[in-house]
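> Just passing along the structure, written as structure tokens.
The values are calculated or read from the model by the stated rules, or taken from the named source; none is laboratory data. Not measured: the values here are computed from a predicted model. As a convention, Cβ positions derive from the backbone with ideal geometry for all residues, glycine included, and neighbour counts pool all protein chains shown. We work out accessible area using only protein heavy atoms, side chains counted, and drop any ligands, DNA or RNA first. Shrake-Rupley method; radii C 1.70, N 1.55, O 1.52, S 1.80 Å.
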Amino acid sequence: MSIFKQLVLGLLLPAIVGGGILIFSKILTFKREREQTVEGDGLSFGWLVGIALSVGYIVGYIGLEGIPPFPPREGVHWLCYLALIGLILGIFWHLSLLVRLIAQVVVSIVVPRLLLGSMFKYSWGQIEGITWWVCLAVAIFIFWNIVQQSFTLLPSGSWSPFVYFGLSGGTALILAVSGSLRLAQHTGIFVALFAAIWVITLFLQSDDKVPVFPISASAVIALALAGIWMNGYFYEEVPVVSAVLLLVSLFLAPVGRIGAIQRLGGRRSAFVQVGVIALPVVIAIGIAVARSGLFGESSGY
């Protein structure tokens, strides 16, 4: 596939599709606000944000890979199905907290076993496999809830999509320098989607107090990032320290609630909060670059 087709099908087209759906959701929201038929962002808005992310990625995946096989033969094939699972979960995310909790637990347990099937079959013994399974399931469940909380913990307005743009962009760069251009291209789809959402939010967000991402979008984002990171670490050559730093970066989102930072004022506190989140991502990129040997002999991590 030529570079031109990769850029159009893997970046531009997903951004247009996802951005178009998001613009439609904004128009629908403005119309409802004028007619005063609903209050808040409502279920339909959550649906459309989830659709923008999942459909945008699926369009980009098909542009890069074609229709994914079923059952998937490689870990990267599962990324398309994870986007679909995230979309389905988002549609029903308005149900009770207990239903959402059960869904999170079940999906967190199932995903590592599906995506890392070859590791369980050929690389790990029984005890090692169970240990990895438990640890990954717990990590996915906790990370999913951190993503959900980040929608309200991050600064209001366009900051939230900007943070995820930076996180996915850092992930793509790490994958590229670690020798996984294919997986970096898939991550680039999300870079394009979050960039489009960021720009659209800058111009069309009418109320900065309303989170850009409703909690129903957390499934798509959490499963996509978890799937990409697991592929990068277990099937590619992403350094373990870089993978861990990417994972923990969002755990630093609550620093914005620290009194000393809040007293800096809205804009300054937002810069500090986003800077703290970005720091482990920047360090992870530096480690991956050093590990790759681009600027001399590589060092192990």
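> Output the qualifying pairs, or none if there are none: Cβ atoms under 9 angstrom, residues six or more apart or on different chains, first residue in the stretch 1-22 and more than 13 Å from Y57 (Cα to Cα) and modelled with pLDDT of 75 or more, second residue open to solvent by 50 Å² or more (accessible area, probe 1.4 Å) and not basic (K, R).
L22/L204
> Among the residues of the stretch 228-246, write down those that are under 16 Å from V281 (Cβ atoms) and either in contact with a Phe, Trp or Tyr (Cβ under 6 Å, 6 or more places away or on another chain) or open to solvent by less than 20 Å² (accessible area, probe 1.4 Å) (or both).
Correct list: I228, G232, V238, P239, V241, S242, A243, L246.
> Determine which single condition I197 fails, assuming it passes every other condition in (1) surrounded by fewer than 21 Cβ atoms within 10 Å (Cβ to Cβ); (2) more than 23 Å from Q104 (Cβ to Cβ); (3) of a type in the set (V, I, T).
Looking at each condition in turn, I197 falls short on (1).
> Condition check: of a type in the set (V, I, T), at negative phi and touching a residue at least 12 places away in the same chain (Cβ under 8 Å). Does I215 satisfy that? I'd like the intermediate steps shown before the answer.
Values: of a type in the set (V, I, T): yes; at negative phi: yes; touching a residue at least 12 places away in the same chain (Cβ under 8 Å): yes.
Judged against the criteria, I215 is a match.
> Pick out the one residue from A222, A192 that is touching a Pro at 6+ places or on another chain (Cβ under 6 Å), modelled with pLDDT of 85 or more and buried (at least 24 other Cβ atoms within 10 Å of the Cβ). If you could, list the steps in order and put the result at the bottom.
Working: A222 fails: touching a Pro at 6+ places or on another chain (Cβ under 6 Å).
Of A222, A192, the one residue that is touching a Pro at 6+ places or on another chain (Cβ under 6 Å), modelled with pLDDT of 85 or more and buried (at least 24 other Cβ atoms within 10 Å of the Cβ) is A192.
> So F295 passes all but one of these: (1) under 29 Å from S178 (Cα atoms); (2) open to solvent by less than 80 Å² (accessible area, probe 1.4 Å); (3) of a type outside the set (S, T, N, Q); (4) at pLDDT below 90. Which condition number does it fail?
Checking F295 against (1) under 29 Å from S178 (Cα atoms); (2) open to solvent by less than 80 Å² (accessible area, probe 1.4 Å); (3) of a type outside the set (S, T, N, Q); (4) at pLDDT below 90, the one that fails is (2).
> Out of all the residues in the stretch 132-144, which are touching a residue at least 60 places away in the same chain (Cβ under 8 Å) and either farther than 15 Å from L252 by Cα or surrounded by fewer than 16 Cβ atoms within 10 Å (Cβ to Cβ) (or both)?
L136, A139, I140, listed by residue number.
> Check L53, L98 and return the single one that is part of a helix (DSSP H, G or I) and farther than 17 Å from I189 by Cβ.
Working: L53 fails: farther than 17 Å from I189 by Cβ.
When all the criteria are applied, what remains is L98.
> Name, by its number, the condition in (1) surrounded by fewer than 17 Cβ atoms within 10 Å (Cβ to Cβ); (2) in contact (Cβ under 8 Å) with a residue 24 or more places away in the chain that does not hold for R263.
Condition (2) is where R263 drops out.
> Further question: How about the stretch 57-76: which of its residues are in a helix (DSSP H, G or I) and either surrounded by fewer than 15 Cβ atoms within 10 Å (Cβ to Cβ) or at pLDDT 90 or above (or both)?
Within the stretch 57-76, Y57, I58 qualify.
> Now for a separate question. Quick check on G157: is it within 14 Å of the chain's Cα centre (by Cα) and more than 20 Å from G86 (Cβ to Cβ)?
no
> Of the residues G129, G169, G179, which single one is surrounded by fewer than 21 Cβ atoms within 10 Å (Cβ to Cβ) and not in a helix (DSSP H, G or I)?
Selected residue: G179, the only one of G129, G169, G179 that is surrounded by fewer than 21 Cβ atoms within 10 Å (Cβ to Cβ) and not in a helix (DSSP H, G or I).
> Take the residues of the stretch 266-287 that are of a type in the set (G, A, S) and out of contact with any Gly (no Cβ under 7 Å at 6 or more places or on another chain): which is most open to solvent (accessible area, probe 1.4 Å)?
Step by step, filter the stretch 266-287, then rank; the result is G266.
> Among the residues of the stretch 146-166, write down those that are open to solvent by 40 Å² or more (accessible area, probe 1.4 Å) and in a helix (DSSP H, G or I).
Q149, T152, W159, F162, F165
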